[in-house]
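> First, the structure itself, so that you have it in front of you.
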Amino acid sequence: MIITIDGPAAAGKGTLAAALAKHYKLAYFDTGMVYRAVGLQMVLDKLNLSDENAAEKIAKQLTFEKMMELSRHPDFRSDIGGQAASKVSAFSKVRAALLKMQQNFSLNPVFADGTPANGAVYDGRDTGTVVCPDADIKFFVIASAEVRAERRYKEFIAKGIKTTLKKVLEDMLERDKRDSERAAAPLKPAKDAVLLDTSNMNAEQEIAEAVKIIETKINKA
Ligand code: DC
């Protein structure tokens, strides 16, 4: 079974993806990591984030191991990493270079320890539209910008990352705009995606709602 979960930043995709992966014993691919890895490598190499060819070169050389190594850098999950990822992800050459790596995972999904899984949960912006258009179940998760900023702000503070709620909200609105208006695979729901608005839901309610939707689909099939 392949499940895709797309939507804007901090809408509740990651929490839902991890919970569904655990519930259905599926592997998990957080596809934002591939763009964060390329963006962060550009920052570390002091390259210009508007240089598409330089970003494409890094994307072509990216391996799973390198991505995991970069994920341990303190800026991988910070505003710096998020903004850099959003910028490089707007380049169609970068997206093309990273597509196969993401699609191959659905052919041979594996858990974090390398053991094979019977399917995967993908989380990202275009996993239901471009990466896995034939996925069995697709979700498009949304929440108001204020709710999302509040969630992300709390995550940053918990991780010891210094910022303000205002800065997080501004950063989020800027990223939303870029991710939705870009020409290459803009953020939008797949035609067959189920829309899940988590603005007034806590994590448990969101997970319960998604499981209910999946069970209804499975029982109908
Ligand atoms: O989900 P995230 O915050 O880690 O994603 C970081 C950036 O990567 C996001 O601003 C847009 C980009 N991204 C994308 O374009 N396509 C994906 N499937 C996942 C992420």
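> Which of the residues that make up the stretch 87-101 are crowded, with 18+ Cβ neighbours inside 10 Å and either touching an Asp or Glu at 6+ places or on another chain (Cβ under 6 Å) or free of Cβ contacts under 8 Å to residues at least 12 places away in the same chain (or both)?
Selection gives Phe91, Val94, Ala97.
> Okay, next question. Name the residue that is modelled with the lowest pLDDT, counting only residues in the stretch 94-134 that are aliphatic (A, V, I, L, M) and over 16 Å from the mean Cα position of the chain (by Cα). I'd like the intermediate steps shown before the answer.
We begin by selecting, within the stretch 94-134, every residue aliphatic (A, V, I, L, M); these are 94, 96-99, 101, 107, 110, 112, 117, 120-121, 130-131.
Filter once more, keeping what is over 16 Å from the mean Cα position of the chain (by Cα): 96-97, 107, 110, 112, 117.
On the way: Ala96: 97, Ala97: 98, Leu107: 94, Val110: 93, Ala112: 88, Ala117: 97.
So the residue we want is Ala112.
Here's the yes/no breakdown for (1) crowded, with 21+ Cβ neighbours inside 10 Å; (2) touching a strand residue (DSSP E or B) at 6+ places or on another chain (Cβ under 6 Å); (3) of a type outside the set (S, T, N, Q):
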position: Ala11; (1), (2), (3): yes, yes, yes
position: Leu20; (1), (2), (3): yes, yes, yes
position: Arg36; (1), (2), (3): yes, no, yes
position: Asp45; (1), (2), (3): no, no, yes
position: Glu52; (1), (2), (3): no, no, yes
position: Ala55; (1), (2), (3): yes, no, yes
position: Thr63; (1), (2), (3): no, no, no
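For every residue, the table says whether it meets (1) free of Cβ contacts under 8 Å to residues at least 40 places away in the same chain; (2) surrounded by fewer than 19 Cβ atoms within 10 Å (Cβ to Cβ).
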site: Gly14; (1), (2): no, yes
site: His23; (1), (2): no, yes
site: Gly32; (1), (2): no, no
site: Arg72; (1), (2): yes, yes
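> Of all residues in the stretch 165-196, which are surrounded by fewer than 16 Cβ atoms within 10 Å (Cβ to Cβ), over 19 Å from Phe91 (Cα atoms) and either among the charged types (D, E, K, R) or away from the ligand (no atom under 15 Å from the Cβ) (or both)?
Answer for the stretch 165-196, where residues must be surrounded by fewer than 16 Cβ atoms within 10 Å (Cβ to Cβ), over 19 Å from Phe91 (Cα atoms) and either among the charged types (D, E, K, R) or away from the ligand (no atom under 15 Å from the Cβ) (or both): Leu165, Lys166, Lys167, Glu170, Lys191, Asp192, Leu195.
> Hey, does the stretch 119-133 have a residue that's surrounded by fewer than 20 Cβ atoms within 10 Å (Cβ to Cβ), among the hydrophobic types (A, V, I, L, M, F, W, C) and farther than 26 Å from Ala84 by Cβ?
Taking the stretch 119-133 as the starting set, the residues that turn out to be surrounded by fewer than 20 Cβ atoms within 10 Å (Cβ to Cβ) are 119, 130, 133.
When the remaining residues are screened for being among the hydrophobic types (A, V, I, L, M, F, W, C), the result is 130.
Narrowing further to those that are farther than 26 Å from Ala84 by Cβ: none.
Looking through the stretch 119-133, none of the residues is surrounded by fewer than 20 Cβ atoms within 10 Å (Cβ to Cβ), among the hydrophobic types (A, V, I, L, M, F, W, C) and farther than 26 Å from Ala84 by Cβ.
> Return the only residue of Asp45, Asp51, Asp79 being more than 10 Å from the ligand (Cβ to nearest atom), modelled with pLDDT under 95 and either closer than 21 Å to Leu187 by Cβ or of a type in the set (Asp, Glu) (or both).
Working: Asp45 fails: modelled with pLDDT under 95; Asp51 fails: modelled with pLDDT under 95.
Sole residue among the options that is more than 10 Å from the ligand (Cβ to nearest atom), modelled with pLDDT under 95 and either closer than 21 Å to Leu187 by Cβ or of a type in the set (Asp, Glu) (or both): Asp79.
> Any chance the stretch 94-109 includes a residue that's closer than 30 Å to Ile137 by Cα, touching a helix residue (DSSP H, G or I) at 6+ places or on another chain (Cβ under 7 Å), more than 15 Å from the ligand (Cβ to nearest atom) and part of a helix (DSSP H, G or I)?
For the stretch 94-109, residues closer than 30 Å to Ile137 by Cα, touching a helix residue (DSSP H, G or I) at 6+ places or on another chain (Cβ under 7 Å), more than 15 Å from the ligand (Cβ to nearest atom) and part of a helix (DSSP H, G or I): absent.
> May I pose another question? When the residues of the stretch 138-185 are narrowed to those that are free of Cβ contacts under 8 Å to residues at least 60 places away in the same chain and in a loop (DSSP other than H, G, I, E, B), which ends up nearest to Ile214 (Cα to Cα)?
Ser144
The values are calculated or read from the model by the stated rules, or taken from the named source; none is laboratory data. Since we're looking at a predicted model, the values are computed, not measured. Using ideal geometry, Cβ is built from the backbone for each residue, glycine included, and neighbour counts are taken over all protein chains shown.
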